[in-house]
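**Student:** Pasting a structure here, questions to come.
The values are calculated or read from the model by the stated rules, or taken from the named source; none is laboratory data. Treat the numbers as computed from the prediction; the structure is a model and nothing was measured. For neighbour counting, all protein chains shown are included, and Cβ atoms are generated from backbone atoms with ideal geometry for every residue, glycine included. All accessible areas refer to the heavy atoms of the entire protein, side chains included, with ligands and DNA or RNA removed. Shrake-Rupley method; radii C 1.70, N 1.55, O 1.52, S 1.80 Å.
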Amino acid sequence: MMGRYKWLVKVLSVGAECKGEDPNAEPKKPTSTKQQNTTADNEAKNNIPKKPRFYIEEHKVFNDPIHGHMALHPVLVKIIDTPEFQRLRNIKQLGGIYFVYPGASHNRFEHSIGVAHLAGELAKALKMKQEKQIEQLEELKKLKLLMELTPEELKLKELKHDDLGMLKKLEKLDDKELEELKNLKTEEFEKLNKFKKLRPEDVEKFEKLREFKPNELEKLKESLISDRDVLCVQIAGLCHDLGHGPYSHFYDGMFMEAIRDKKGKEFNGKWEHEDASIEMFNHLLDNTDGLKDMMRKSGLKIEGDDKTDLKFIEELIRGPPRWPYKGRDEKKSFLYEIVSNKETGIDVDKFDYFARDCKQLGIPNSFDHQRFIMFARVCDVEEDGRKHICSRDKEIENLYDIFHTRLSIHRRACQHKIKMAVEIMIKDALLLVDDHPDFKIKSSKGKMLSLSEAKDDMEAYIKLTDHVIERILHPKEERKEEEKLKEATKILQRVVKRDLYRCVGQARKKEGREKWKEFKENLREELCKQFPECGKKDFEVIDVPFDYGMKNKDPLRKAYFYRKDNPDKGEPIPKSKVSRLLLDCFSDEMFRVYWKNHENLEGEERDEKEKEMKEVFKKWCKDNGLEIVEER
């Protein structure tokens with residue numbers, strides 16, 4: 001169709017018959033030079049494509065060690081150049097891992113820019129494939145109209161009837177004959193005088209023509225990714241981590257859990273950094289001169305009665321786990337799978353941190369996100385009636401590499417026993433100074449907020465970064481002897497000197513154990529019973545989960561794939577049809593016990609005490625039917 005019958009499409013696009021003109025005739029020339037110049041000027045003005053502002057604005061290029069040169073839209077650059085975003089320069093991407101891996105010094109700042117870049121790359125790649133699909137369907141639609149013309153109408157349109165007549169014969173074939181014709185090799189067509197002018201691609205094209213439905217084209221146009229969509233997705237990728245606190249996940253994880261245990265669950269409920277990301281984004285919008293105007297000129301709807309795009313960005317950062325969404329309707333449901341995919345976990349946030357973290361940690365990354373973007377396309381899925389981002393069926397085994405890489409990073413870095421010891425120590429130090437007057441931060445209403453309360457006011461939260469550790473290490477002279485501050489300083493000094501809490505054992509948790517808090521208390525009581533000189537506060541029992549991101553569920557159970565011969569339809573592939581070598585279990589939950597080994601014991605005496613505690617832990621685990629996990 002694209003070669004042999006290109007002239008059919010060309011005839012339709014000329015539109016000369018509408019004006020009663022001959023499309024093959026020479027264009028009329030102006031009668032004078034002045035008239036010629038005027039006509040040329042007018043034609044030049046009329047032929048200049050009016051590109052949306054999204055393309056007119058000058059993009060700024062960032063040179064990144066992971067993704068190379070990244071061209072970012074001016075709106076993104078405006079957001080980057082704000083105090084709210086620049087704050088991310090002072091928040092370590094991997095938290096306490098930096099105390100184990102010397103290369104893990106990168107911050108949330110560069111990760112967020114990388115996610116914005118990848119979000120744009122994926123959205124644009126999907127948009128390009130949608131546009132190509134629309135072109136093919138429009139070509140089929142035009143051809144179908146031509147097929148319905150009579151010989152007399154064809155003659156009026158000055159079209160040749162021979163080729164079209166030959167193609168019309170295909171309509172009279174039944175499915176069996178058509179399939180036989182499709183399966184013939186090109187050279188075998190010479191044996192069939194009836195079809196010697198046809199090629200296999202012509203037969204395939206006309207098979208699609210018989211199945212063509214006009215409403216299919218209209219539905220695809222309604223789901224076409226717009227420039228507004230691309231920009232919104234990029235903004236969400238850029239701002240998705242604005243709400244991180246000191247040492248990233250440490251703050252909304254270990255520290256907030258300890259605050260809830262100390263002050264009660266009603267103190268802050270179930271708070272996560274995504275909540276603060278949305279608040280910080282709105283704070284950024286309200287306090288950055290010219291940003292809203294720039295976004296509005298770029299076509300975004302963020303003010304007045306129509307705040308569709310603002311809602312869309314917020315939902316991309318943290319929306320409900322499933323429909324209904326309000327920023328975009330279900331025809332564009334696949335857009336919610338780009339930045340943060342809540343169904344499968346396959347999203348550009350992971351693409352960036354896999355590549356970036358693995359490089360900084362020196363851990364191999366077996367997943368190629370560029371290959372994923374190349375094969376990804378938007379497909380209809382009959383299972384739920386929506387459109388999803390789908391991969392080629394042959395890529396399913398490669399997609400499991402995403403989650404294997406995630407597990408590798410967690411096992412070797414995020415859940416590293418030394419890293420966990422460091423973060424427990426930082427947590428203990430922050431708890432001691434949480435309500436200290438020197439560490440309270442002034443809010444927008446003039447109230448002084450503690451470290452755990454600062455997250456509720458963006459003017460205060462913007463001042464809370466990893467630098468709080470340095471302030472504890474180097475307190476004011478007049479405050480140095482205060483009991484809690486002095487103890488917090490000593491704990492962090494031990495981190496600097498590498499005098500860390502000791503891990504005295506780790507074991508697998510029993511399946512179905514629901515009373516985990518009671519279980520931890522029983523273990524600490526047993527250790528205190530065997531070592532009367534220690535109190536419960538001298539031991540920390542922590543949960544250490546390992547999984548593929550969906551607990552014990554197959555992460556690809558809700559992923560959809562398309563086949564080469566049917567690229568517009570997505571369908572699930574059962575694990576049983578992939579490979580017998582795939583995992584049956586996707587999680588492994590352990591726990592560790594840390595002894596805070598106070599400085600009253602040193603050298604061989606402390607080592608001997610640690611050895612005794614390990615033996616007590618092993619005996620307790622054996623008595624309770626738990627599997628010991630030996631240290632490696």
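**Student:** Residue by residue through region 282-298, what is 3J(HN,Hα) from phi via Karplus (6.51 cos²θ - 1.76 cosθ + 1.60, θ = phi - 60°)? Round to whole Hz and write x for glycine and proline.
**Tutor:** Calculated HN-Hα couplings, in order: 5, 5, 5, 4, 6, 10, 10, 4, x, 5, 5, 5, 5, 5, 5, 5, 7 Hz.
**Student:** Using modelled backbone amide H atoms (1.01 Å from N, in-plane), which distant-in-sequence or interchain residues come within less than 5 Å of Asn107's amide H?
**Tutor:** Gln93
**Student:** Provide the per-residue ³J(HN,Hα) series for region 60-75, in order, calculated from phi with Karplus coefficients 6.51, -1.76, 1.60 and θ = phi - 60°, each as a whole number of Hz, with x at glycine and proline positions.
**Tutor:** 9, 9, 10, 9, 10, x, 9, 9, x, 7, 10, 8, 10, 4, x, 4
**Student:** A further question follows. For Arg377, list long-range residues whose amide hydrogen, built 1.01 Å from N in the peptide plane, is under 5 Å from its own amide hydrogen.
**Tutor:** Cys390
**Student:** Taking amide H positions as placed 1.01 Å from N in the peptide plane, with prolines and chain starts having none, which residues 5 or more places from Glu589, or on another chain, fall under 5 Å of its amide H?
**Tutor:** Lys509, Phe546
**Student:** Something else now. So for region 519-587, if I pair up every lysine 8 or more residues apart or on another chain, how many of those pairs have alpha-carbons under 18 Å apart?
**Tutor:** Total qualifying Lys-Lys pairs in region 519-587 comes to 11.
**Student:** If you roll a 1.4 Å probe over the heavy atoms of the protein chains, what accessible area per residue do you get for region 376-494, in Å²?
**Tutor:** On the way: 5280 Å² over 119 residues.
Per residue, region 376-494 has 44 Å² of solvent-accessible surface.
**Student:** What does the net charge come to around His117 if you take all other residues with beta carbon closer than 13 Å to its beta carbon, with K and R at +1 and D and E at -1?
**Tutor:** Numbers: positive: Lys60, Lys124, Arg356; negative: Asp64, Glu110, Glu121, Asp349, Asp352.
Neighbour charge sum, excluding His117 itself: -2.
**Student:** From the backbone phi of region 542-558, what are the Karplus-calculated ³J(HN,Hα) couplings (6.51 cos²θ - 1.76 cosθ + 1.60, θ = phi - 60°) in whole Hz, Gly and Pro given as x?
**Tutor:** Karplus-based 3J(HN,Hα) across region 542-558 equals 10, 7, 10, x, 10, 7, 9, x, 10, 6, 9, 9, 5, x, 9, 5, 10 Hz.
**Student:** Something else now. If you average the sequence gap of Cα pairs under 8 Å that are 6 or more apart and divide by the length of region 301-445, what percent do you get for the contact order? Mind showing how you got there, number by number?
**Tutor:** Details: 102 pairs, mean separation 21.8, N = 145.
Once normalised by length, the contact order is 15 percent.
**Student:** What percent do you get for the relative contact order of region 406-553 when only Cα pairs under 8 Å and 6+ apart count? If you can, show how the numbers build up before the last one.
**Tutor:** On the way: 106 pairs, mean separation 38.4, N = 148.
For region 406-553, the relative contact order is 26 percent.
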